[in-house]
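Down below is the structure, laid out as structure tokens.
Read-outs throughout are calculated quantities, based only on the coordinates presented, and are distinct from any laboratory measurement. As the structure is a computational prediction, the values presented were derived from the model and not from experiment. Methodologically, a virtual Cβ is constructed for each residue, glycine included, from the backbone with ideal geometry; neighbour enumeration extends over all protein chains shown.
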Amino acid sequence: RKLFEKAYAACEPFAEKAPSQRSLGERIKFFVYYWLVFRSLQNFIGLRNAKVAMTGAAPISAKIVKFFRTLGVPLIEVYGLTESSAIATAQTLDSRVPFCVGTAAPGIRLPGSLDAFELAVRAVLGQQVTVAAARTLASRLVQRFGEAVTTPWPEVTQQFPAPERLAVAGLADIASLGIVRQRAAALIALADAWPGLETLMTPAVAPEEFIAALCELPGIGPWTAHYIAMRALGWPDAFPPNDVAVLKAMQRLFGTTHQRSADERAQAWRPWRAYAVLRLWNSLETSA
């Protein structure tokens, strides 16, 4: 919050200027604060673009909206939000989706990811296996293909494999780690396509286009694509289809019996379906 307040104070004097009217120094200042504040919020809170207007308490919501509008973040183009509706959302988000558990779960937010490619790889590794098994496979992948790195922590000696490294890895080498060949092929295809996918991970591109591109890759279906969009993009309307836990929770809470009826019921939650997913998952834990 202190970083944001500092950034806002620095940019406010020329906030209303059109980009073409800003001096070189002002443009540089915007660029610096964009990466310091916006990217840090994106990575550590898991939000992006207009959703940043919904991260803070109401007293600073208006400032957040104005700051990122000034930086050129297209609130209206990306999410169809006006400035006033974005501010209103910041104040009412928790009360708009109170339907999944006994409490409104105030403060719940989408989990982000420090590295979108790592998140995508872990999503593929997690298909049809337990969380513990996916974690083991990811650890093996790092040990085999990750580069050595020096850190202050003795137990952290390798970094996650870069896309270009996995793109040239042999199918047999990846499969030898205990990863089924179909999934190993999906990892290679994902790594090879990643440079192009990264160009779709911008405010100017609708998340649906990113999801469609992911679904064109072998071994990646709608569930995995929606999950990646939810975590890597912080997309608040992601709704992974045929999620066993979501369908189970919705059947218990709303009587929906299949994906189609779940989709129909979830239309009322747009554009916040990803928040509904989190609460549906949590509802199974609280009811257990």
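Every residue in the stretch 109-140 that is polar (S, T, N, Q) and crowded, with 18+ Cβ neighbours inside 10 Å, please.
In the first step, residues of the stretch 109-140 are kept if they are polar (S, T, N, Q); the result is 113, 127-128, 130, 136, 139.
Matches in the stretch 109-140: SER113 only.
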Is it true that some residue in the stretch 228-245 is of a type in the set (A, V, I, L, M), under 24 Å from VAL168 (Cα atoms) and outside any helix (DSSP H, G or I)?
no
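Output the residues belonging to the stretch 141-157 that are aliphatic (A, V, I, L, M) and surrounded by fewer than 19 Cβ atoms within 10 Å (Cβ to Cβ). Steps first, please.
Start the filter on the stretch 141-157 by keeping residues that are aliphatic (A, V, I, L, M), which leaves 141-142, 148-149, 156.
Within the stretch 141-157, VAL142, ALA148, VAL149, VAL156 qualify.
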Can you work out which of the residues in the stretch 195-227 that are assigned to a helix (DSSP H, G or I) and of a type in the set (D, E, K, R) is farthest from ARG273 (Cα to Cα)?
GLU198
Selection from the stretch 213-242 of residues in contact (Cβ under 8 Å) with a residue 60 or more places away in the chain, under 21 Å from THR199 (Cβ atoms) and not aliphatic (A, V, I, L, M) yields THR224, TYR227, ARG231, GLY234, TRP235
Subset of the stretch 114-166, residues at positive phi and part of a helix (DSSP H, G or I), comes to none
Take the stretch 217-266 and flag every residue that is hydrophobic (A, V, I, L, M, F, W, C) and in contact with a Lys or Arg (Cβ under 7 Å, 6 or more places away or on another chain).
LEU233, ALA238, PHE239, MET250, PHE254, ALA266
Would you mind finding the one in ALA266, ALA249 that is part of a helix (DSSP H, G or I), within 20 Å of ARG231 (Cα to Cα) and in contact (Cβ under 8 Å) with a residue 12 or more places away in the chain?
ALA266
Take the conditions touching a residue at least 40 places away in the same chain (Cβ under 8 Å), assigned to a helix (DSSP H, G or I) and of a type in the set (S, T, N, Q) and apply them to SER261. Does it pass?
no
Go through (1) in contact with a Pro (Cβ under 6 Å, 6 or more places away or on another chain); (2) over 21 Å from GLY221 (Cα atoms) for PRO241 and report which single condition fails.
(2)
